[in-house]
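Quick notes on the structure that follows.
The values are calculated or read from the model by the stated rules, or taken from the named source; none is laboratory data. Not measured: the values here are computed from a predicted model. Using ideal geometry, Cβ is built from the backbone for each residue, glycine included, and neighbour counts are taken over all protein chains shown.
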Amino acid sequence: MLPEMKYTQKLRLGMPVFATDGKAGKIAKIITDPESRQPVYLAVEIGRLPNRREVVLPVSLVRGVTAETVNLDITRQTLADFPDYE
């Protein structure tokens with residue numbers, strides 16, 4: 001889960017996602033725990049057509065959320081190495 005509840009209230013589809021080395025993509029899906037209804041995973045759309053894809057990562061990698069962006073604790077390459085969302 002995210003370190004502070006305030007982050008979960010700010011997450012929304014389409015938000016830009018930034019890795020430690022720059023813009024990485026945007027939130028495509030927010031996967032929540034069915035019981036707590038708290039986000040547990042994010043599907044992030046990365047890349048450009050024709051190589052665009054969605055990768056899934058745990059919300060524990062979110063460093064912070066502002067009103068406009070999600071900031072991750074990983075690089076863009078590390079994000080690209082995550083499994084595809086299916």
> What number of residues within segment 45-66 are touching a residue at least 40 places away in the same chain (Cβ under 8 Å) and either in contact with a Phe, Trp or Tyr (Cβ under 8 Å, 6 or more places away or on another chain) or part of a loop (DSSP other than H, G, I, E, B) (or both)?
Replying inline: 5
> Applying the selection to segment 40-75, what residues are over 13 Å from residue 16 (Cα atoms) and either of a type in the set (Asp, Glu) or in contact with an Asp or Glu (Cβ under 8 Å, 6 or more places away or on another chain) (or both)?
Replying inline: 40, 52, 53, 54, 55, 56, 61, 63, 73, 75
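Residues are listed down the side, and each one gets a yes or a no for (1) within 15 Å of residue 80 (Cα to Cα); (2) modelled with pLDDT of 95 or more; (3) hydrophobic (A, V, I, L, M, F, W, C):
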{"site": "2", "(1), (2), (3)": "no, no, yes"}
{"site": "17", "(1), (2), (3)": "yes, yes, yes"}
{"site": "20", "(1), (2), (3)": "yes, yes, no"}
{"site": "23", "(1), (2), (3)": "yes, yes, no"}
{"site": "37", "(1), (2), (3)": "no, no, no"}
{"site": "44", "(1), (2), (3)": "yes, yes, yes"}
{"site": "47", "(1), (2), (3)": "yes, no, no"}
> What are the residues in segment 25-35 that are acidic (Asp, Glu) and more than 17 Å from residue 85 (Cβ to Cβ), if any?
Replying inline: 35
> Which of the residues belonging to segment 67-86 are loosely packed, with under 12 Cβ neighbours inside 10 Å and either part of a loop (DSSP other than H, G, I, E, B) or within 12 Å of the chain's Cα centre (by Cα) (or both)?
Replying inline: 67, 68, 81, 83, 86
> Which ones in segment 39-60 are closer than 19 Å to residue 14 by Cβ and hydrophobic (A, V, I, L, M, F, W, C)?
Replying inline: 42, 43, 44, 46, 49, 55, 56, 57, 59
